[in-house]
Amino acid sequence: MNKLILCFSVFILLHGCTTIEDTKEEKQRQLNQLNTLCLHNQYYYEDGVVQNIGVQLQTKFVLLGYNEDDDQKIFELLYNTGLDLFTINMYEWSIDSKYTYAFIELKENKSCYEMEQVFNVLKANSLIQFTSYVYNNNFIKFDDDSYSDIVAYSHSFIVETQSDTDIEKLNKIVAETNTDIIDSKDGKYTISATKKSKGDALQMANYFHETGLFKSVKVGWNGISNILDL
């Protein structure tokens, strides 16, 4: 017994003790690393130049996309299923013929990584077609010269090819990424990212650009004003 106690004492002296505080600190360190990585991935290309937008991340709103006929089901999903993540504030409108978009207010501010986990929960439900981070806007000016308080990317982006022969390259990347061509005009192709794609529309737009195969790739931005002060 004395030998056992002695051995145990030596083990503690050599290796130390893992306390609850040590475990908490390690967990927080890991979360900080994951959040840093999440923020690092918040960027897009404007005229071929990287625009980092992680610092503009809005921690109180997310954007959801869903089918127009599912309004009531979406309400029940968000507020009556025990998720307990959102306030009753839901700002929505139909932005295109494919989906209804809604800016949803969170009950608590979330970090980038925490919102990623929220998205994973939401996208597991068949009613949710896509999710998007939201950003405080000081970088997007819309075609009518207007600005919005906050902006978010949609489910789609536009790829402009350099020549007619590039369509084969485009089709190959579309197949690789499980994205869909939903419209085309004058060498510009609207690509949609779905839950089966290898990333959301922002990630896929960046990927298409980074192949270096296309003339330009533009993210589809949506915005809304006058809600931050409500």
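Readers should treat all values here as calculations from the given coordinates under stated rules, not as data from a laboratory. Only a predicted model underlies this, so the values are computations on that prediction, with no experimental measurement involved. Cβ: placed from backbone, ideal geometry, glycine included. Neighbour counts: every protein chain shown.
Structure summary
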| item | result |
| --- | --- |
| Distant alpha-carbon pairs in segment 109-161 (separation over 15 angstrom), percent | 63 |
| Amide H contacts of Asn89 (H built 1.01 Å from N, under 5 Å, at least 5 apart or other chain) | Glu105 |
| Segment 87-230 - Rg (one decimal) and Dmax (whole number), Cα, Å | 16.2, 51 |
| Dipole moment magnitude, nearest 20 debye, segment 38-138 about Cα centre, only Lys, Arg, Asp, Glu C-beta charged | 240 |
| Of Gln129, His209, Thr165, farthest towards positive along the dipole that unit charges on Lys, Arg, Asp, Glu beta carbons give segment 115-230 | Gln129 |
| Segment 150-230 - Rg and Dmax from Cα coordinates, angstrom | 13.8, 51 |
| Segment 56-182, relative contact order in percent, only Cα pairs under 8 angstrom and at least six apart counted | 29 |
| For segment 27-145, the Rg and Dmax computed from alpha carbons only, in angstrom | 15.4, 47 |
| Over 24 Å (Cα to Cα) - which of Lys107/Lys198; Lys98/Lys188; Lys98/Lys196; Lys169/Lys198 fall in this group | Lys107/Lys198 |
| Debye log10 I(q)/I(0) for segment 142-186, one point scatterer per Cα, at q = 0.22 Å⁻¹ | -0.87 |
| Nearby lysines by direct alpha-carbon distance to Lys110 (threshold 18 angstrom, same-chain neighbours under 8 apart not counted) | Lys27, Lys60, Lys123 |
| Spread of Cα-to-Cα distances over 10 Å intervals beginning at zero, given as percent, for segment 35-79 | 20, 33, 24, 21, 1 |
